[in-house]
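Working notes, structure below.
The values are calculated or read from the model by the stated rules, or taken from the named source; none is laboratory data. These numbers were taken from a predicted model, which means no experiment stands behind them. As a convention, Cβ positions derive from the backbone with ideal geometry for all residues, glycine included, and neighbour counts pool all protein chains shown. In case anyone asks, the SASA skips ligands and DNA or RNA and just uses the protein heavy atoms, side chains included. Shrake-Rupley method; radii C 1.70, N 1.55, O 1.52, S 1.80 Å.
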Amino acid sequence: MESLLVSTGVVALAEIGDKTQLLAFILAARFKKPVPIILGILAATLINHGLAGALGAWITSVVSPDIMRWVLGLSFLAMAAWTLIPDKIEDEETHIAKKLGVFGATFVTFFLAEMGDKTQLATVALAAHYAAPLMVIAGTTLGMLIADVPAVFIGNKFAAKIPMKLVHGVAAAIFAAMGVLTLIGADKLLTS
């Protein structure tokens, strides 16, 4: 249950102000059809994070626990730093898949925007860390929806009122704490 809660919280915080949340704002403004946009986000995230979770589970089967501890600890610290860098959305991501309809356009643009994104890499690291990929995938997908669904309904007006630096700071602090705890081996004490 810890893997689900941590994955949900970390990704929900990290996603605020992320390019995929900005993409949700843009798609909502362009299409004004929230249900197919939300379903497109859900489908793209499940597939993207499912692949990331599978990769995280596979990594734990081929890498020794000592090396994994260092890789995960350093990965969490790198994600902490990356979370502090504001995201910008690239214009071509909003023009992709024009002929696929609202669901198709959302699915394609979200899937591509998430490739190599910090939330996808967080899913890999969290799945490897917790060795519970299904719970992590469920948590990271829920975290994406917690951050992106309101963006579809509320739009840019509310986004300007969110203290992005504070939210990114909290998410970075959580990633950093997980990194330090993993490096010193304290994570084994917490999950035992």
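A few comments on the model shown:
- Charge tally around Asn48: other residues with Cβ under 10 Å, Lys/Arg +1 each, Asp/Glu -1 each, net -2.
- Pairwise FRET efficiency - Val35 versus Leu55, Cβ, R0 = 41 Å, nearest 0.05: 0.85
- Each residue, Leu183 and Ala131, gets one label point 7 Å from its Cα in the Cβ direction; the gap between the two is 2.3 nm.
- Listed residues Met115, Met144, Met1, Met178 arranged by accessible area, highest first, probe 1.4 Å: Met1, Met115, Met178, Met144
- The slack between Val149 and Leu166, meaning 0.36 nm per residue of separation minus the straight C-alpha distance, is 4.1 nm.
- Nearest-10 value in Å² for the accessible area of Asp117, using the 1.4 Å probe: 10 Å²
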